[in-house]
Amino acid sequence: MKMIAIAAASTLLMLGTAQAQQARTTAGGTYAEIGYSQLKLSGEGVSIKPNAIRGIVGYDFHPNFAVEGMLAFGAGDDSISETATSGANTATATVKVKLENAYGIYLKPKANLSDNLEVFGRLGYSHAKFKATADATLNGVSVGSESDSGSEGGVSYGVGANFKFSPAAYVGVDYMRYYKKDGMTVDGFTVGVGFRF
């Protein structure tokens, strides 16, 4: 009888430990993502699309919720040009824009639609700094260049999906609105890969 009681206690202890480990696996866990972003700055009739490399580190504190930190750096600029002609003279102004850096913090609600497919939303705050360089030419000859940088932040949100191709790795795509303020909107799509630790 004593052996049966010891065996039953051992079995219950092992089951409890296994359930606790399973709960930790599903409810917790750190992950990191790296992705390529096509950003779009738009406002006042202007649209420009610089590129960025974005990294995210997150922690699942519940099976349906995570908290994330985001950091991004420019990976390529984009430019727009305006040309005016007066008589024999042609003047061209070109503005080049590049992301210098961006950061953000998010709450991420999520749900598994299948064993391999997860959909999610993001809600939080982001801040971005852009650099603009303006060059002017007259009849093809440079007449001046000027650079300036500015930063802005605000409420940020988005939606996306991750496809898990192993328990520890996945690919994902998302759309984010990084901020909309003073007539300027910054948003974009990101494709990336993530790893769980």
Task: Which labelled figure in (i) 107; (ii) 86; (iii) 127 is volume of the Cα convex hull per residue in Å³, once derived from the coordinates - done: (iii)
Open item on the list: Multiplying the sequence separation of Ile105 and Lys40 by 0.36 nm and subtracting their Cα-Cα distance, what value in nm do you get?
Closed with: 21.4 nm
Open item on the list: Could you work out the relative contact order of the chain? I mean the mean sequence separation of Cα pairs under 8 Å and 6+ apart, divided by the number of residues, in percent.
Closed with: 19
TODO: For Lys164, list the aspartates and glutamates whose Cα falls under 20 Å from its own Cα; do not include residues on the same chain fewer than 8 positions away.
DONE: Glu33, Asp60, Glu68, Asp115, Glu118, Asp174
- [ ] List the residues of region 56-90 whose backbone N lies under 14 Å from a point placed 7 Å from the Cα of Ser151 along the Cα-to-Cβ direction.
- [x] 71-74
Task: Principal axis dimensions, region 83-197 - Cα atoms, whole angstrom, descending - done: 67, 27, 24
TODO: May I ask you to give the average projected area over all directions of the convex hull of the Cα atoms of region 46-141, in nm² rounded to one decimal?
DONE: 8.6
TODO: For region 97-102, take each phi angle, set θ = phi - 60°, evaluate the Karplus expression 6.51 cos²θ - 1.76 cosθ + 1.60, and give the result in whole Hz per residue in order, putting x for glycine and proline.
DONE: 10, 9, 6, 8, 6, 8
TODO: Taking only Cα atoms and a 10 Å spring cutoff, compute GNM fluctuations for the chain and point out the largest among Gly104, Gly87, Gly69.
DONE: Gly87
- [ ] In whole Hz, with x marking every Gly and Pro, tabulate ³J(HN,Hα) for region 169-178 from phi via Karplus 6.51 cos²θ - 1.76 cosθ + 1.60, θ = phi - 60°.
- [x] 9, 7, 10, x, 9, 8, 10, 10, 9, 7
- [ ] Using a Gaussian network model of the chain whose springs link C-alpha atoms within less than 10 Å, name the residue from Gly55, Gly140, Gly150 with the highest mean-square fluctuation.
- [x] Gly140
TODO: Please give, to one decimal in nm, the separation of the simple spin-label points placed at His127 and Lys181, each 7 Å out from Cα toward the Cβ.
DONE: 0.9
Open item on the list: Rounding to the nearest 10 and keeping the result within 0 to 90°, find how far the Cα-based axis of helix 2-27 lies from the longest principal axis of the chain.
Closed with: 10
Task: Whichever lysines have a C-alpha closer than 25 Å to that of Lys98, once near sequence neighbours (fewer than 8 apart) are set aside - done: Lys40, Lys49, Lys129, Lys131, Lys180, Lys181
Task: Dipole of region 27-196, positive direction: furthest Cα of Leu41, Gly154, Gly58, with charges on the beta-carbon - done: Gly58
Open item on the list: Given Cβ point charges of +1 (Lys, Arg) and -1 (Asp, Glu) and nothing else, what value in debye, to the nearest 20, does the dipole of region 34-151 about its Cα centre take?
Closed with: 160
Task: Unit charges on C-beta of K, R, D, E only; dipole of region 93-160, Debye - done: 160
Open item on the list: Give me, ordered by chain and number, the residues 5 or more places off Asp77 or on other chains with an amide H under 5 Å from its own placed amide H.
Closed with: Asn51
Task: the chain: most fluctuating residue of Gly144, Gly124, Gly172 per GNM, C-alpha cutoff 10 Å - done: Gly144
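What value, in deg cm²/dmol to 500, does the helix sum -39500 (n - 2.57) over DSSP H runs of n ≥ 4 give at 222 nm once divided by the residues of the chain?
The helix-only estimate for the chain comes to -4500 deg cm²/dmol at 222 nm.
Read-outs throughout are calculated quantities, based only on the coordinates presented, and are distinct from any laboratory measurement. Please read all numbers here as calculations on a predicted model, not as lab measurements. As a convention, Cβ positions derive from the backbone with ideal geometry for all residues, glycine included, and neighbour counts pool all protein chains shown.
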